[in-house]
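To keep things clear, I will list the structure first and then write my remarks on it.
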């Protein structure tokens, strides 16, 4: 059986040739991506070196003040750190069209990402230099819809209890009127106990590297 050449457009989009043919037949020339965003960020390895030796509180304060780059995901979503204190971090997110679902409201995954960001950052402010942590679970309750019409939303994370291995953290998102729109609670694992942390740029060598979370708001 002779194999046909794969359309470069189909190959680029990660589809099979058959899927591409079906899409072309259904949509034709009327289907075009006519919106775009240009995004830049700093190499994460370089950022980790810049963070080396800083406590979690110092890292998040530096991100808030523009002395350290924002994490890549924060750049992608438009999360902006606005308030940092020990055990509590707040960040703003301006709703955009590309963050909405087809129903015209902000995608639940975007809101969960905002919560995970501020909740993790809140825990980070309690950690010494080089300590790593990871999200174990995140329970999110969506109480009211948010959209571009809602305006700037404020996400806040605060540490409720932090033990040697597990931390319990709360998060919330409020609209400009201060109405509670989303609430979350989650457990976070401390991957390197206090006093055992090495540098961020040269971790301890534990086999949990795939789970590590070393970042700010």
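All of the numbers you see were taken from the coordinates with simple rules; none came from a lab. Keep in mind that what you see is a predicted model, and the values were worked out from it rather than measured. Cβ sites come from the backbone with ideal geometry, for glycine too, and all protein chains shown count toward neighbours.
Structure values in brief
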quantity: Relative contact order of the range 44-211, defined on C-alpha pairs under 8 angstrom at six or more residues apart (%); calculated: 24 percent
quantity: The range 72-146: C-alpha gyration tensor shape, a/c 1.5 cut-off, then a/b vs b/c; calculated: prolate
quantity: Euclidean distance between Cα centres, the range 119-165 to the range 47-65, Å; calculated: 17 Å
quantity: Three-way shape call for the range 58-109 based on the alpha-carbon gyration tensor, with the a/c threshold at 1.5; calculated: prolate
quantity: Fraction in percent of alpha-carbon pairs per bin - 5 Å, the range 44-211; calculated: 2, 9, 18, 21, 20, 15, 9, 5, 2, 0
quantity: Spin-label pair residue 135/residue 48, simplified geometry with 7 Å Cα→Cβ offset, distance in nm; calculated: 2.0 nm
